[in-house]
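The values are calculated or read from the model by the stated rules, or taken from the named source; none is laboratory data. Just so it is clear, the structure is predicted and the values come from calculations on it, not from any experiment. Here the Cβ is made from the backbone with ideal geometry for all residues, glycine too, and neighbour counts use every protein chain on show. SASA here: full protein model, heavy atoms, side chains in, ligands and nucleic acids out. Shrake-Rupley method; radii C 1.70, N 1.55, O 1.52, S 1.80 Å.
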Amino acid sequence: MGGYLTVFGAALTTDYEPVVHTEHGWVSGTLESGIRVFKGIPYAQPPLGPLRWRPPQPVAAWTGIKPTVEFAADCPQESNIASRASRQSEDCLYLNVWTPARAQAESLPVMVWVHGGSFVMGSGAEALFDPTHLVREDVIVVTVNYRLGIFGFLAHPDLTAESPHRSSSNYALLDQLAALDWIKANIAAFGGDPDRVTAFGVSAGSASLSLLLTSPPYDGHFSRAIMQSPGAARRLATLEDAERAGFSLASRIETLRQVSDVELLAKTPLLAPKVRGLTTPRILRPICDGWVIPQEERKVFESGRFPKLPMIIGTNTDEGAEATASWPIADLAEFKRLVEQNFPECPSRAFAHYPAGADAEVRRQVANMFGDTQFNYGARLLARSMASAGGRTWRYVFTRRYPGQREGPFHGQEVAYVFGNLDTRLWADRPAPPSDDDDRELSRVMRKAWLAFAKTGDPNNADIPKWDCFDPAQDNYLEFGDAVRADSGWRAEQLAFLDDYFGGLHQAGEVPPSPLHSESSIN
């Protein structure tokens, strides 16, 4: 290390590398195109051996300067995401920081990205999430890894017994809280403002943020939120059901603690059916564990007992087509069975809102039903709840299809626009979709809105039409598509039906069926 030194608070930048002092010790990063990048900073101890399926433990301090110049391992997973991490390992509790290299007159707003992936895959090192375009607009961006699938959500009677909270599962949510704690304590050293932290994510990432707002351990870990297609307000498995699933793998947890991560990952299909229930709980995702998540989101949202904070929330036109493309439901008889299993109390009402008169119409209605139950319903419920409780909320619907794309936009396709990475692939084995100048302009407009929100708590700026706060009575939103315009009533009839359906189940206090032992093959 050599050359001149420029002071950035607790940071030093040399000719060769930036160095920052955290509460655990010094870290050195890299300079990349005028941005300081720190990859693979530990925010918790490796959850290995006896720490497997335990809450994240604080990082031990180190001496000297720790190089943070390579992405840490991704959590073990079966996926083909285009990650820049070189390997997978349970030793995955790390985060990455991007910050402008030039001196700032005041602390910068911070954006924390929580990746999606159905809680079983994903990484903070995915190429699609490279935040260079955002950071060039004077924000700091942090991406976070957390435990996934069987590593992040296993419950077992032995784990519950050894917990002082009489709880198990939801370790991934505790990882996210630990990362947010680290950011609050350390981001000022990187030039960031710990009081202006915007948490944003997609799918399971934003679903996590929604759940954290209902969690007693949450303590103002972020001051603003952007929730892109959150899987919010889904019915959650009980601790007892999740324990039963874990017990089916082994009667003693120590047996599972001796199993390699490769062998453990291979057990995932035993707990994760190919065709998941649309209205029933699932394992290997957050559950009602009695501590981190004491009760289902809908009950908390209806009560108004949650933090009120500025929020952007939205979904995409076609949230379900890709997710259900491999489902073995292609004719009217199979569709009828799916509806009757997921809406046993009112199948005729469900058919009325998702009508299919011929086999050729089944795929579209399966996709619509998936998108509405898994994303659109919960997003609208959260927007309505936050707005009704006094939190300023802006709702959007993303409708832009890539050139030549006949369906969509599919779940997650807005992410490339938010990060400005339209030419970056999401999947390692698929090229990025073709884009044109209209896509690049929409990407610029969306980035401006997201950045304005992170900086001021309001997405309105000179590059978009006036974006009014969400009013439940108007059911209004801003469309990001071929045009950017205000509209209202997105899938209002279907979402009103689902709101009534799920509301009735909660009022009846029904106990959801076991996700593991259901007799149905479609669950």
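Miscellaneous remarks
- Filter result for the condition that a residue is open to solvent by less than 10 Å² (accessible area, probe 1.4 Å) and small (Gly, Ala, Ser), over Ala242, Ala250, Ala266: Ala242
- Within the stretch 467-480, being assigned to a loop (DSSP other than H, G, I, E, B) and touching a strand residue (DSSP E or B) at 6+ places or on another chain (Cβ under 7 Å) holds for Trp467, Asp468, Cys469, Phe470, Gln474, Asp475.
- Residue in the stretch 59-69 that is in contact with a Ser or Thr (Cβ under 9 Å, 6 or more places away or on another chain), closer than 21 Å to Phe129 by Cβ and either modelled with pLDDT under 95 or loosely packed, with under 15 Cβ neighbours inside 10 Å (or both) present: yes
- Residues in the stretch 425-444 that are open to solvent by 40 Å² or more (accessible area, probe 1.4 Å), in a loop (DSSP other than H, G, I, E, B) and within 18 Å of Thr132 (Cβ to Cβ): Arg425, Leu426.
- Residue within the stretch 165-183 that is out of contact with any Ser or Thr (no Cβ under 8 Å at 6 or more places or on another chain), closer than 19 Å to Trp394 by Cα and not aromatic (Phe, Trp, Tyr) present: no
- For the stretch 273-315, a residue qualifies if it is open to solvent by 10 Å² or more (accessible area, probe 1.4 Å) and charged (D, E, K, R), and the qualifying residues are Lys274, Arg276, Arg282, Glu296, Arg298, Lys299, Glu302, Arg305, Lys308.
- Where Arg282 falls short, out of the listed (1) touching a helix residue (DSSP H, G or I) at 6+ places or on another chain (Cβ under 9 Å); (2) at pLDDT below 95; (3) among the charged types (D, E, K, R): (1)
- Subset of the stretch 118-134 (residues that are at positive phi and touching a helix residue (DSSP H, G or I) at 6+ places or on another chain (Cβ under 6 Å)): Ser118, Phe119
- Test: residue in the stretch 455-465 that is modelled with pLDDT of 95 or more and part of a helix (DSSP H, G or I): yes
Table: residues versus (1) part of a helix (DSSP H, G or I); (2) free of Cβ contacts under 8 Å to residues at least 60 places away in the same chain; (3) surrounded by fewer than 23 Cβ atoms within 10 Å (Cβ to Cβ).
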{"residue": "Arg349", "(1), (2), (3)": "yes, no, yes"}
{"residue": "Pro355", "(1), (2), (3)": "no, yes, yes"}
{"residue": "Val362", "(1), (2), (3)": "yes, yes, yes"}
{"residue": "Val366", "(1), (2), (3)": "yes, yes, no"}
{"residue": "Asp372", "(1), (2), (3)": "yes, no, no"}
{"residue": "Phe375", "(1), (2), (3)": "yes, no, no"}
{"residue": "Gly378", "(1), (2), (3)": "yes, no, no"}
{"residue": "Met386", "(1), (2), (3)": "yes, no, no"}
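- Top-ranked residue in the stretch 412-424 [being open to solvent by 10 Å² or more (accessible area, probe 1.4 Å) and in contact with a strand residue (DSSP E or B) (Cβ under 7 Å, 6 or more places away or on another chain); ranked as farthest from Phe375 (Cα to Cα)]: Gln413
- Verdict on Arg447 being over 24 Å from Asn368 (Cβ atoms), open to solvent by 60 Å² or more (accessible area, probe 1.4 Å), touching a residue at least 24 places away in the same chain (Cβ under 8 Å) and over 17 Å from the mean Cα position of the chain (by Cα): no
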